[in-house]
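One structure is given below, encoded as structure tokens.
The values are calculated or read from the model by the stated rules, or taken from the named source; none is laboratory data. Note that the structure is a prediction, hence the values are computed from the model and not measured. Quick reminder, even Gly has a Cβ in these numbers, built from the backbone with ideal geometry, and neighbours come from all protein chains shown. The accessibility values were calculated without ligands, DNA or RNA, using every heavy atom of the protein model including side chains. Shrake-Rupley method; radii C 1.70, N 1.55, O 1.52, S 1.80 Å.
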Amino acid sequence: MNQQNEAQQGQMEQQPERNAHKAFSRRKFLLQASAVSVPVVLSLKSGKAWGCVELNCTPGETSLSNSGSAVASATSEKNPNAYERPQWSSMSQIISAFNVDFDDWLLSTFKAVLCTYETKRQSGRTYYRYTQLTCDMYSFNTWWNQVKKGSSALIVTNAPTSKLASNRQWVTSAPVTYNKNNSRMPANCNSVLVKGNTDASKLCPGMTGQVGAILKGGDTPEKYAIAAIIGSIWERHPEYTARYGSDKCFPEPQALIDAYWNAKAEGRLKDLHSLFKLYMSPL
């Protein structure tokens with residue numbers, strides 16, 4: 001996170017580390033997890049894929065009666081540590097990090113005018129012709145790989161003479177070399193650049209709208225699914241891990257994306273909604 005906001009954002013980094021492995025008792029779990037969330041918990045293919053979740057139950061137990069029995073068995077006194085509730089960052093923390101970092105600080109390199117250039121000698125002088133290096137939000141990796149090459153052909157302060165290749169002119173303005181070590185990688189997932197106006201369907205198939213609008217919108221399954229995906233991406237971002245370490249509480253982004261897709265296909269978005277709300281609530 002940017003240094004101006006590190007104090008403001010401190011809880012986001014510290015709370016998951018403090019709470020990620022707090023055991024959640026059988027009584028507390030059954031009281032706070034709404035009934036509709038139980039089938040989703042039990043349908044997870046692997047507890048370990050969900051961070052702190054360890055429910056040693058048979059996947060696919062979807063009736064409420066069977067689910068309640070399975071949870072009670074998995075969290076019985078003979079197996080007291082079978083379930084540890086994940087403590088994800090709260091919704092307010094995720095929205096704050098998104099506003100300050102995803103939609104601002106991490107975009108500094110993305111917003112810069114980066115160009116490639118070519119040279120020629122004529123009448124004893126050196127001429128330069130610049131071409132702007134543009135980024136397709138949904139082919140992020142292609143752009144980022146070019147930026148990270150950091151060759152002398154990449155510059156940061158020179159504007160291209162024209163965005164149209166056919167109109168580019170040879171000029172005498174020498175390039176200002178771009179230092180690749182100053183590159184700041186925008187938040188991204190599966191070659192999709194993640195910021196406020198990202199098409200949510202590009203990040204998570206089956207969703208409609210823009211990422212920022214969903215995240216800051218009404219209380220919906222999509223809001224919590226997007227928030228979880230954002231939290232997962234941020235925990236794995238190099239700017240985050242360099243400052244706060246590699247401990248994870250959120251599942252992998254793809255596991256969350258798959259969970260949303262499967263829940264939608266099976267008519268269980270209400271269940272997923274309840275479960276994610278539980279994980280983003282204080283202990």
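If you take the residues of region 234-254 that are at pLDDT 85 or above and touching a Phe, Trp or Tyr at 6+ places or on another chain (Cβ under 7 Å), which of them is nearest to Asn99 (Cα to Cα)? Explain how you work it out, then say what you get.
First, pick out the residues of region 234-254 that are at pLDDT 85 or above: 234-241, 250-254.
Now restrict to residues that are touching a Phe, Trp or Tyr at 6+ places or on another chain (Cβ under 7 Å): 234-235, 240, 250-251.
On the way: Trp234: 12, Glu235: 16, Tyr240: 15, Phe250: 19, Pro251: 22 Å.
Once the filter is applied, the top-ranked residue is Trp234.
Report, by residue number, each residue of region 108-126 that is within 24 Å of Trp170 (Cα to Cα) and either open to solvent by 50 Å² or more (accessible area, probe 1.4 Å) or β-branched (Val, Ile, Thr) (or both).
Result: Val113, Thr116, Tyr117, Glu118, Thr119, Lys120, Arg121, Gln122, Ser123, Gly124, Arg125, Thr126.
Identify, please: which residue in region 84-107 is polar (S, T, N, Q) and open to solvent by 10 Å² or more (accessible area, probe 1.4 Å) and is, among those, farthest from Lys277 (Cα to Cα)?
Asn99
Only one of (1) crowded, with 19+ Cβ neighbours inside 10 Å; (2) within 18 Å of the chain's Cα centre (by Cα); (3) more than 25 Å from Cys115 (Cβ to Cβ) fails for Ala263. Which number is that?
Looking at each condition in turn, Ala263 falls short on (2).
What are the residues in region 181-199 that are within 11 Å of Val147 (Cβ to Cβ) and either polar (S, T, N, Q) or touching a strand residue (DSSP E or B) at 6+ places or on another chain (Cβ under 7 Å) (or both), if any?
Asn182, Ser183, Pro186
Out of region 206-260, which residues are more than 13 Å from Ile95 (Cα to Cα), among the basic types (Lys, Arg) and either open to solvent by less than 40 Å² (accessible area, probe 1.4 Å) or more than 12 Å from the chain's Cα centre (by Cα) (or both)?
Arg243, Lys248
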